[in-house]
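Encoded as C-alpha cells, the structure appears first; notes follow it.
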Amino acid sequence: SSERLLMLQLVTYLRHQRLLITRDLTQIDRLETTRRDFVANVSHELRTPLTVLAGFLETIIEAPDDAIPEPLRKQYLQLMQTQATRMQTLVADLLTLSDLENSPQADQALVDVPHLLNTAIEQGIALSDGRHEIKFDIDPDLKLLGAASELASAFSNLITNAIRYTPDGGKIKIRWCRTPDGKARYSVKDTGIGISTEHLPRLSERFYRVDRSRSRDVGGTGLGLAITKHIAMRHDATLDIESRLGKGSTFSLSFDARRIAPAVN
Ligand code: ADP
C-alpha cells in the first residue's frame, strides 16, 4: 500500500540522516584531534628553546661577578640568540599559516615568476655558500596570475629544503617551464638524503618531519611544506614529491593552465 511505501521511505530517510550525522561527528572528532595535536606540537616546539634560554639566563645571572670569562659569556649569548631566532621563525611560520587559512582566495595579480625565481635562487646560493652545485633552467616568458609574496615563499621553501637536506658537494637543479599538457611546472631536484616512501604521504602535514633533530639542526620548523602545500592549493597547483632514500628528491608545483598569464606583446 502507499502507506507502507511512505513508511519505508521515512525509515530509509531517517537511516540516511543518522548516517550523515554520524559521519559529521567523526569529522568533528578528527578536526578536534588535529587541533589538539597542533596545540601540543606548538607548545612542545616553543618549550625547548625557552628551556635553553631560561637555563642560560639563570647561569649568567646567578654567577658571581666576572666568574664567566668573556669568550664563554659571548658563546652563551650566541646560543641564546639562536634559540630566540628559532622561536621567531616558528611564530612567523605560524602567522603565515594562519593568514593563509583566514584569507579565502589568493590575489590574481600578474606575477613575474622568472624575476621571483632570480631572487629565490640568489638567496639559495647565499645559503649554500658554495657547498652545492646549483643549476637552473627558467622560461623567461612564463608568468602566473596569483599572489607574488605567497609564490615567492613557496618557491624559496623548496630551494631551502633542497639545500638543507643535501650534503655538501651535492647537486640542485631548479626548473620553471611549460609541460606538454599545457601546465606550468616548477621543480627543485636534489641529490640529497632522500625520503623513504612511507613518509611521503604525510610530509606536508604541519610539524611532520622525518628526522626531528636533523630538521631542528638545519633551522627547520616543520611547517615549510604545510605552507607550500597551502599556497599551491590557493593557486590551482599540486605539490608532487618524488624521492628515493639516499639518492635524492624532486619537489614540484604544477600550475593549472588557467593560472598562466597570457603573453603580452
Ligand atoms: P622543515 O622545517 O623540517 O624542513 P618542512 O615542512 O619544510 O619542514 O619539511 C618537512 C620534512 O620533509 C623535513 O623535516 C624533512 O624530513 C623532509 N624534507 C623536506 N624537503 C626535503 C628534501 N629536499 N630532501 C629530503 N627530505 C626533505
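The values are calculated or read from the model by the stated rules, or taken from the named source; none is laboratory data. Given the structure is predicted, the values throughout are model-derived calculations rather than measurements. Ideal geometry is used to build each Cβ from the backbone, glycine not excepted, and the neighbour counts take in all protein chains shown.
If we keep just the residues of segment 213-256 that are within 11 Å of the ligand (Cβ to nearest atom), of a type in the set (S, T, N, Q) and modelled with pLDDT of 95 or more, which is surrounded by the fewest Cβ atoms within 10 Å (Cβ to Cβ)? So the residue we want is THR250.
Residues in segment 129-146 that are surrounded by fewer than 21 Cβ atoms within 10 Å (Cβ to Cβ) and in contact (Cβ under 8 Å) with a residue 60 or more places away in the chain: 3 in all. On the stretch given as segment 168-188, residues that are out of contact with any Phe, Trp or Tyr (no Cβ under 8 Å at 6 or more places or on another chain) and within 16 Å of PHE136 (Cα to Cα) total 5. Restricting attention to segment 170-183, the residues that are within 21 Å of SER243 (Cα to Cα) and away from the ligand (no atom under 16 Å from the Cβ) total 3. When residues in segment 111-169 are screened for being more than 16 Å from the ligand (Cβ to nearest atom), acidic (Asp, Glu), in contact with a strand residue (DSSP E or B) (Cβ under 6 Å, 6 or more places away or on another chain) and outside any loop (DSSP other than H, G, I, E, B), 1 of them pass.
Has segment 186-206 got any residue that is within 15 Å of the ligand (Cβ to nearest atom), in a helix (DSSP H, G or I), within 14 Å of the chain's Cα centre (by Cα) and closer than 29 Å to THR85 by Cα? Among the residues of segment 186-206, at least one is within 15 Å of the ligand (Cβ to nearest atom), in a helix (DSSP H, G or I), within 14 Å of the chain's Cα centre (by Cα) and closer than 29 Å to THR85 by Cα, which makes the answer yes. The residues of segment 156-172 that are within 13 Å of THR250 (Cβ to Cβ) and crowded, with 17+ Cβ neighbours inside 10 Å, listed by number, are LEU158, ILE159, ASN161, ALA162, TYR165, THR166, ILE172.
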